[in-house]
Amino acid sequence: MQIANLLIACPDTKGLVHTITGFLYQNNANLVTIEQHIEDDMFFMRVEWDIADFKIRPEDFIRKIQPIQKKFSMNLNVDFNNRKKRLGLFCSKDPYCLMDILVRQQTGELNVEIPFVISNFEDCRSYVENLGIPFFFIATKEGLNFEHEAEQLEIIKKHPTDLLALARYMKVLSAEFIRKTGQKIINVHHSFLPSFVGARPYDEAYERGVKLIGATSHYVTPELDQGPIIEQTTRRIHHAHKVENLKTMGRESEKEVFAFAIKKHVRNKIIVYKNRTIVFA
């Protein structure tokens, strides 16, 4: 079964579901799933259908649905899944999030192509190149400097991507870089209550005796770690846990939410509304 999907966001009004499903039915779509959500007088919907007998060619879809789009002031994102999405990865020294995504891609769990991995350290080169994926080392300086980003943008230009993801890439991105990539970027980091910043968050959390740790995946915006949150998870801490236990649990949490966010994005299941996300099942 080959599935297409459509994301819709528009002002809420009567007849939207009937209009959308009716349009698909009239063009011989076999509907598979429908999800919807309403808030702030806005309507959000995701619909999937089997395109085996669908009458509209992918290249004609937007033109055909345009009268409905204009009538209801819809934002549309349609995906006929006619190719694998291209995921560009950034990393630094820590390999665990990177390796987890590579394994999921190699086993087919994550249906993407990975055209490159960019890193400011050499540590992960062998992991990547052993899988036949190009690895680019681009040195960076300490502090808020962005000279290296020109070379990174050239790589992205030569190896186009649909999504970028920061697999524990420990370098701030400039607002100009985010804008010039022209695509979404997903990041992952630890989540503590209370929050600890700096190079030793797990050590500080242990010293404070935290009882809850976790991880957060989110879209990148120019405001550091303030982008729309896609997924979070938490784990309970016992008083007998040591720092290494916290680090192990934290890594598992980070891998979990990072993979979740990438999967949802490449499957066209996320709508960003204000600074929040609507994530369909």
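The values are calculated or read from the model by the stated rules, or taken from the named source; none is laboratory data. Given the structure is predicted, the values throughout are model-derived calculations rather than measurements. As a convention, Cβ positions derive from the backbone with ideal geometry for all residues, glycine included, and neighbour counts pool all protein chains shown.
Just a few scattered comments:
- If you go through the range 39-61 and keep only what is surrounded by fewer than 17 Cβ atoms within 10 Å (Cβ to Cβ), in contact with a strand residue (DSSP E or B) (Cβ under 7 Å, 6 or more places away or on another chain) and not in a loop (DSSP other than H, G, I, E, B), you end up with 42, 50.
- Close pairs (7 angstrom Cβ cut-off, 6 or more residues apart or separate chains): within 14 Å of residue 2 (Cα to Cα) and basic (Lys, Arg) in the range 71-94, at pLDDT 95 or above and surrounded by 17 or more Cβ atoms within 10 Å (Cβ to Cβ) anywhere: 84/112
- Beta carbons closer than 6 Å, at least 6 apart along the sequence or on distinct chains, pair a first residue in the range 196-209 that is in the same structural domain as residue 142 (by TED's automatic domain parsing) with a second that is in a helix (DSSP H, G or I) and among the basic types (Lys, Arg) for 202/247.
- Meets criteria (more than 20 Å from residue 169 (Cβ to Cβ), over 21 Å from the mean Cα position of the chain (by Cα) and not in a helix (DSSP H, G or I)) for residue 71: no
- Within the option set 111, 77, being under 30 Å from residue 59 (Cα atoms) and either in contact with a Leu (Cβ under 7 Å, 6 or more places away or on another chain) or crowded, with 18+ Cβ neighbours inside 10 Å (or both) holds for one residue only, 77.
- Residue check for residue 146: touching a strand residue (DSSP E or B) at 6+ places or on another chain (Cβ under 9 Å) and either at positive phi or free of Cβ contacts under 8 Å to residues at least 60 places away in the same chain (or both): no
- Any hit, the range 140-147, residues being more than 16 Å from the chain's Cα centre (by Cα), surrounded by 15 or more Cβ atoms within 10 Å (Cβ to Cβ), at pLDDT 95 or above and within 27 Å of residue 267 (Cα to Cα): no
- Residue within the range 191-214 that is within 22 Å of residue 99 (Cβ to Cβ), within 18 Å of the chain's Cα centre (by Cα) and at pLDDT below 90 present: yes
- Enumeration of residues in the range 1-38 that are closer than 24 Å to residue 84 by Cα and in a loop (DSSP other than H, G, I, E, B): 1, 2, 29
- Candidate set from the range 156-173 (those that are free of Cβ contacts under 8 Å to residues at least 60 places away in the same chain and surrounded by fewer than 19 Cβ atoms within 10 Å (Cβ to Cβ)); member that is farthest from the chain's Cα centre (by Cα): 158
- Per this entry, residue 84 is counted among residues that are under 17 Å from the mean Cα position of the chain (by Cα), surrounded by fewer than 18 Cβ atoms within 10 Å (Cβ to Cβ) and of a type in the set (Lys, Arg).
- Candidate set: the range 23-58, residues that are more than 28 Å from the chain's Cα centre (by Cα) and of a type in the set (Phe, Trp, Tyr); chosen: the one nearest to residue 72 (Cα to Cα): 23
- Test: residue in the range 12-29 that is at pLDDT below 95 and of a type in the set (S, T, N, Q): no
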